[in-house]
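Peer 1: Here it is: the structure, laid out below.
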Amino acid sequence: MRLLALCFCSLIIASFVSAQENAPRPASKLSRAVADTVNRQPAIPRPEQQAAAAESLAGFVERPGKRPNILIFIVDDMGYGDPGAFGGGEMIGAATPNIDQLAAEGLKLTSTYSQYTCTPTRAAVYTGRLPIRTGLIRPILAGDTLKTNPWEGELTAAGLLSDAGYHTILVGKWHIGEAEGMRPHDVGFDEFYGFYTAQKEYTQDVYDMRFPDLVRDPDKLARYHSIGSNHDLIYGLKDGTSESIETIDSLDKMAEGDRMLRDYTLKRLEDLAQGDKPFYLSHVFMKVHADNFSSAEFKGASASKYPY
C-alpha cells in the first residue's frame with residue numbers, strides 16, 4: 001500500500017514557491033523569507049526540495065498508473081517531545097517504535113507548529129487557512145449556540161480531492177461542529193466514522209471523580225442533559241445520511257473508543273486497497289486529549305504505565 005503523507009498532531013504541511021515580482025518584500029533585510037502572494041506568510045524558498053518532491057510525486061503516479069493514497073494521523077494533544085523520533089519514546093517510558101520508523105523513513109518537520117488548541121488546529125489542517133480567516137478559533141463547547149455556520153463558503157482538501165476522484169474518509173474525532181451542514185460528511189468527506197466532539201463531552205456527566213459538581217448536582221445535570229449534545233459513535237455519508245453505531249454512556253465504552261476507530265480504519269484500508277480509486281483518509285485519535293481512560297487491550301502496557 002502506498003502512503004504519501006503522514007501528519008502528526010496538528011502538523012500542517014505547506015508548499016512554497018519562488019516569490020513573484022509583485023510579492024511583498026521581507027519584513028527584515030536579515031530575513032531570507034519571501035512571500036509568493038499577498039495573503040500568505042513569508043517562507044524561506046526551498047527550490048531543491050520542491051523539485052525533489054515534484055519528481056517523487058510524479059514517480060508515484062507513473063509506477064502504478066494512478067495517483068498516490070494519502071493517510072493523515074492526527075493525535076490530539078500529543079506533545080512535540082512525546083515520540084521517540086523527537087526525544088521522547090523509550091526515554092520517557094513509552095516507546096513509539098512505529099512512529100519512529102515512519103519518521104526515520106520520511107521527512108521530519110522541525111519548524112512546523114500547531115495552533116494553540118485542538119479545534120483551530122484541525123480546521124487549519126483541513127482547510128489550509130488560518131483560524132482567524134475561518135472563524136474556527138476555539139473549540140465548540142457543549143451549550144454553545146452558533147449563529148452562523150463557520151463552514152459555509154469554506155473549501156476543504158477532502159472536498160477538492162473528492163471532486164478529483166479520491167474517496168475521502170474521516171475516522172475519529174471531529175469537534176468542529178455537529179449540526180447539519182457542519183459535519184465531516186457535509187464539508188467534503190465522502191464517509192465519516194467517529195465522534196463529533198471531544199472525549200470529555202461524552203463522559204463528564206458520569207465521571208464524578210473529575211466533575212463532581214456536575215454529576216452530583218441533579219439540577220445542573222438535568223440542564224446539561226437538556227442541551228442534547230450527541231453521545232454516539234456516528235457513521236455518515238456525503239449524501240447527508242447518518243446513523244448511530246453505538247451510544248457512549250460509560251467510561252468503559254469511551255476507553256475503547258480508539259480501539260473501535262482503529263479497527264474501522266484497518267478494515268477500510270484493506271477494502272480501499274483492492275479498489276481502483278485513490279483514497280484520502282484522516283485518522284484522528286480521541287486520545288491523548290482528556291479524558292484518558294485505559295483500554296483493556298493496552299492497560300499498563302507501557303514501561304511507565306501510562307493510561308493510554
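Peer 1: Would you be able to tell me the number of residues in region 53-88 that are farther than 28 Å from residue 274 by Cα, over 21 Å from the mean Cα position of the chain (by Cα) and crowded, with 17+ Cβ neighbours inside 10 Å?
Peer 2: Pass one, region 53-88, residues farther than 28 Å from residue 274 by Cα: 76-88.
Now narrow it down to the ones that are over 21 Å from the mean Cα position of the chain (by Cα): 87-88.
Next, only the ones that are crowded, with 17+ Cβ neighbours inside 10 Å stay: 88.
Qualifying residue count for the region: 1.
Peer 1: List, please: which pairs have Cβ atoms under 7 Å, are six or more places apart or on different chains, and start with a residue in region 259-285 that is surrounded by fewer than 16 Cβ atoms within 10 Å (Cβ to Cβ) and end with one that is at pLDDT 95 or above and not small (Gly, Ala, Ser)?
Peer 2: Pairs that qualify, where the first residue is surrounded by fewer than 16 Cβ atoms within 10 Å (Cβ to Cβ) and the partner is at pLDDT 95 or above and not small (Gly, Ala, Ser), are 277/166; 277/167.
Peer 1: In addition: Being in contact with a Leu (Cβ under 6 Å, 6 or more places away or on another chain) and either loosely packed, with under 11 Cβ neighbours inside 10 Å or part of a loop (DSSP other than H, G, I, E, B) (or both) is the filter here, so list the residues in region 110-166 that pass it.
Peer 2: 112, 150
Peer 1: Shifting gears a bit: With 282, 302 as the choices, which residue is closer than 22 Å to residue 82 by Cα and part of a loop (DSSP other than H, G, I, E, B)?
Peer 2: Step by step, each of 282, 302 is checked, and only 302 is closer than 22 Å to residue 82 by Cα and part of a loop (DSSP other than H, G, I, E, B).
Peer 1: Report the residue count in region 253-264 for those that are farther than 10 Å from residue 194 by Cβ and part of a helix (DSSP H, G or I).
Peer 2: Here the count works out to 7.
Peer 1: Return the total of residues in region 58-82 being farther than 24 Å from residue 198 by Cα, without any contact (Cβ under 8 Å) to a residue 40 or more places away in the chain and of a type outside the set (Val, Ile, Thr).
Peer 2: So the first thing to find is which residues in region 58-82 are farther than 24 Å from residue 198 by Cα, and the list is 58-70.
Pick out the ones that are also without any contact (Cβ under 8 Å) to a residue 40 or more places away in the chain and you get 58-59, 61-63, 65.
After this cut, where a residue has to be of a type outside the set (Val, Ile, Thr) as well, the list is 58-59, 62-63, 65.
The total comes to 5.
Peer 1: Of everything in region 220-241 that's hydroxyl-bearing (Ser, Thr, Tyr) and either surrounded by fewer than 16 Cβ atoms within 10 Å (Cβ to Cβ) or at pLDDT 95 or above (or both), which residue is nearest to residue 286 (Cα to Cα)?
Peer 2: By that ranking, first place goes to 235.
Peer 1: Also: Can you find, within region 122-137, the residue that is modelled with the highest pLDDT among those that are under 14 Å from the mean Cα position of the chain (by Cα) and over 20 Å from residue 289 (Cβ atoms)?
Peer 2: 127
Peer 1: Now, a different point. Hey, among the residues in region 36-51 that are part of a helix (DSSP H, G or I) and more than 27 Å from the chain's Cα centre (by Cα), which one's modelled with the lowest pLDDT?
Peer 2: Here the residue is 47.
Peer 1: Restricting attention to region 205-223, report how many residues are assigned to a loop (DSSP other than H, G, I, E, B), of a type outside the set (D, E, K, R) and free of Cβ contacts under 8 Å to residues at least 24 places away in the same chain.
Peer 2: Residues that pass the stated criteria total 2.
Peer 1: Further question: Of 54, 103, which residue is over 26 Å from residue 287 (Cβ atoms) and in a helix (DSSP H, G or I)?
Peer 2: 54
Peer 1: Criterion first (of a type in the set (A, V, I, L, M, F, W, C) and either touching a His at 6+ places or on another chain (Cβ under 7 Å) or not in a strand (DSSP E or B) (or both)) does residue 170 satisfy it?
Peer 2: So residue 170 fails the test.
Peer 1: Residues of region 170-184 being under 14 Å from residue 240 (Cα atoms) and either crowded, with 20+ Cβ neighbours inside 10 Å or under 11 Å from the mean Cα position of the chain (by Cα) (or both), which ones? Spell out how you get there, then give the answer.
Peer 2: Keep residues of region 170-184 that are under 14 Å from residue 240 (Cα atoms), which gives 178-184.
Those that are under 14 Å from residue 240 (Cα atoms) and either crowded, with 20+ Cβ neighbours inside 10 Å or under 11 Å from the mean Cα position of the chain (by Cα) (or both): 183, 184.
The values are calculated or read from the model by the stated rules, or taken from the named source; none is laboratory data. Keep in mind that this is a model prediction, so the values were computed, not measured. Glycine also receives a Cβ, built like all others from the backbone with ideal geometry; neighbour counts cover every protein chain displayed.
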